[in-house]
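The values are calculated or read from the model by the stated rules, or taken from the named source; none is laboratory data. The model shown is predicted, which means the values in this text are computed figures rather than measured ones. Note: ideal-geometry Cβ built from the backbone for every residue, glycine included; neighbour counts use all protein chains shown. Remember, those area values only see protein heavy atoms, side chains included, never the ligands or the DNA or RNA. Shrake-Rupley method; radii C 1.70, N 1.55, O 1.52, S 1.80 Å.
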Amino acid sequence: MEKKCNYLIIGSGIAGYNALKELLNVKPESKIIMVSSDNYYPYDRPPLSKDYLRGKMDREMLFFESEDFYKRDNLEVILGKSVEKIDTKNKEAILNDNNVIKFEKALIATGGRPRRLNIPGEEHALYLRSLDDADKLKAYASKSKNAVIVGAGFIGVEVASSLTTLGVKTTVIEVKPYIWSTFVDEKISKLIQEYLEKKGIKFILNESIKEIQRQGKLVVTASGNNIETDMVLIAVGITPNVEIAQRSGIEVNNGIVVNEHLETNVKDIFAAGDVANIYDPYEGKRKRIEHWNNAEYTGKLAARNMIGKNESYNFVSTVWSDIFDLHIESAGETMNYDEYVIRGSFTSDKPKFSVIYIKDGVIKGYLAINRNVKEIASLNKLIQKRVDVSGKREQLADESFDLQKLLSNGF
């Protein structure tokens, strides 16, 4: 059976949902079809590892819209199905049930899936990406006393804090020498780790797991340690879902390669969100950005360009996390820098600071813990406008100094 539409959205995550909203706002009469392998209408993912897991958020609160929102003549949402391939010449998407959707413009917003370790017994481990994953994790947490989490990235540490709050003794195993090594240096990492350890989380660093035995009840590490557990969560990042592009002759290189308008190498086919490989104008390099804000921004940008706008990607992507009573925000380049300035209270007892990273006299990135919205907004603008802060270390470090002043030409 063949369906027809003006715009096809493949994926119902943050990027797909925001693309849909933008299309409905700007082109309300257009025919739109969304295809999602998920079983549910679009929902928010960050709470899955935090408030939802801890039982502080009801299930229905996860969903962006009520079901009635999607019941309109010009919109069809197909759940529990996937697009296997796109016939780019004829602009046809072939679904896994062999149905065909003919489109004018298409957006691939398929996100990613949890990365696997390919070790013996891994089938007994849990993962967290979808609502179904979260429900399974909640069920395990309700009857567990000891948990092992493999991976000390954002998801791993967020789940560790949630489980600890629920009274589950949690051990985090990380292959790198310190946590969050991809975006903070060792000094800051140790400070955060010390804070988390005071809250009850145990870390085993410079270690990997060799296998999971006894139906998920025993973790064996590479160095030969045996850890008894009730549940194992593997949280070592995601693999981008690029298979549709690969089968369709669309360029793939660490994600789906797009230009500044988010269009792929095939005309009228776009990509957004975690799966898109984008040139970041502020870091001067291509990258895949696995951040909520970036997915929201690129979903909307792709939608506008699908309807004929010609807008270029121009965004300082930020990432945030809530862990115990820490609110963490970060943006830009936090690893490749000449110097950094610490603004605020840099202690593990009650951290409240920003680390501002500078390269060639320009602010390139920051990590902020428990800082106010105004300061974070100013830092984002300083990165975006490439303001020269040479000789301004004292002002940057002085909490009484309003960073907004650095944005005025006269300062």
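If I ask for residues that are touching a residue at least 24 places away in the same chain (Cβ under 8 Å) and either part of a helix (DSSP H, G or I) or open to solvent by 70 Å² or more (accessible area, probe 1.4 Å) (or both), which ones from region 378-397 would you list?
As a first pass, look at region 378-397 and keep what is touching a residue at least 24 places away in the same chain (Cβ under 8 Å): 378-384, 386-390, 393, 396-397.
Residues satisfying the conditions are Ser378, Leu379, Asn380, Lys381, Leu382, Ile383, Gln384, Arg386, Asp388, Arg393, Leu396, Ala397.
Only one of these is farther than 30 Å from Lys364 by Cβ and not hydrophobic (A, V, I, L, M, F, W, C): Glu186, Glu194, Glu211. Name it. Step through it out loud before you land on a result.
Working: Glu186 fails: farther than 30 Å from Lys364 by Cβ; Glu194 fails: farther than 30 Å from Lys364 by Cβ.
So the residue among Glu186, Glu194, Glu211 that is farther than 30 Å from Lys364 by Cβ and not hydrophobic (A, V, I, L, M, F, W, C) is Glu211.
Restricted to region 278-314, and to residues that are within 20 Å of Ile238 (Cβ to Cβ) and among the aromatic types (Phe, Trp, Tyr), which residue is most open to solvent (accessible area, probe 1.4 Å)?
In this case the residue turns out to be Trp292.
Assess whether Ile256 counts as being of a type in the set (A, V, I, L, M) and open to solvent by 10 Å² or more (accessible area, probe 1.4 Å). Walk me through it before giving the result.
Numbers: of a type in the set (A, V, I, L, M): yes; open to solvent by 10 Å² or more (accessible area, probe 1.4 Å): no.
The answer is no for Ile256.
Contact list please: Cβ distance under 8 Å, first residue in region 366-377 and under 12 Å from Asp402 (Cα atoms), second residue acidic (Asp, Glu), pairs at least six apart or on different chains.
Close Cβ pairs satisfying both conditions: Ile376/Glu329.
Just to be sure, is Ala19 touching a residue at least 40 places away in the same chain (Cβ under 8 Å) and in contact with a Lys or Arg (Cβ under 8 Å, 6 or more places away or on another chain)? Steps first, please.
Working: touching a residue at least 40 places away in the same chain (Cβ under 8 Å): yes; in contact with a Lys or Arg (Cβ under 8 Å, 6 or more places away or on another chain): yes.
When the stated conditions are applied, Ala19 passes them.
Arg247 - would you say it is basic (Lys, Arg), touching a residue at least 60 places away in the same chain (Cβ under 8 Å) and open to solvent by 20 Å² or more (accessible area, probe 1.4 Å)?
On the way: basic (Lys, Arg): yes; touching a residue at least 60 places away in the same chain (Cβ under 8 Å): yes; open to solvent by 20 Å² or more (accessible area, probe 1.4 Å): yes.
It is true that Arg247 is basic (Lys, Arg), touching a residue at least 60 places away in the same chain (Cβ under 8 Å) and open to solvent by 20 Å² or more (accessible area, probe 1.4 Å).
If you scan region 169-199, which residues turn out to be touching a residue at least 40 places away in the same chain (Cβ under 8 Å) and either open to solvent by less than 10 Å² (accessible area, probe 1.4 Å) or part of a helix (DSSP H, G or I) (or both)?
Residues satisfying the conditions are Ile173, Val184, Ile188, Leu191, Ile192, Glu194, Tyr195, Leu196, Lys198.
Could you tell me which numbered condition Trp320 fails, if it satisfies all but one of (1) out of contact with any strand residue (DSSP E or B) (no Cβ under 6 Å at 6 or more places or on another chain); (2) among the aromatic types (Phe, Trp, Tyr); (3) open to solvent by 60 Å² or more (accessible area, probe 1.4 Å)?
Answer for Trp320: the failing condition is (1).
How about region 219-239: which of its residues are surrounded by fewer than 17 Cβ atoms within 10 Å (Cβ to Cβ) and either acidic (Asp, Glu) or farther than 12 Å from Ile173 by Cβ (or both)?
Gly224, Asn226, Glu228, Asp230, Gly237, Thr239
Among the residues in region 53-68, are any part of a loop (DSSP other than H, G, I, E, B) and crowded, with 17+ Cβ neighbours inside 10 Å? Even if it seems obvious, please write down each step before you answer.
First, pick out the residues of region 53-68 that are part of a loop (DSSP other than H, G, I, E, B): 53-58, 64-66.
Still in the running and crowded, with 17+ Cβ neighbours inside 10 Å: 53.
Yes, because at least one residue in region 53-68 is part of a loop (DSSP other than H, G, I, E, B) and crowded, with 17+ Cβ neighbours inside 10 Å.
Looking for something closer than 30 Å to Lys27 by Cβ and touching a Gly at 6+ places or on another chain (Cβ under 7 Å) - is there at least one such residue anywhere in region 110-118? Before the answer, list the steps.
Initially, region 110-118 is screened for residues closer than 30 Å to Lys27 by Cβ, giving 110-112.
When the remaining residues are screened for being touching a Gly at 6+ places or on another chain (Cβ under 7 Å), the result is 110-111.
Yes, some residue in region 110-118 is closer than 30 Å to Lys27 by Cβ and touching a Gly at 6+ places or on another chain (Cβ under 7 Å).
Just one of the numbered conditions (1) surrounded by 18 or more Cβ atoms within 10 Å (Cβ to Cβ); (2) in contact (Cβ under 8 Å) with a residue 60 or more places away in the chain; (3) not aromatic (Phe, Trp, Tyr) is not true of Pro42; which one?
Just one mismatch for Pro42, condition (2).
Filter region 259-277 down to residues that are out of contact with any Pro (no Cβ under 8 Å at 6 or more places or on another chain) and surrounded by 24 or more Cβ atoms within 10 Å (Cβ to Cβ) and give me whichever is farthest from Phe315 (Cα to Cα).
Ile269
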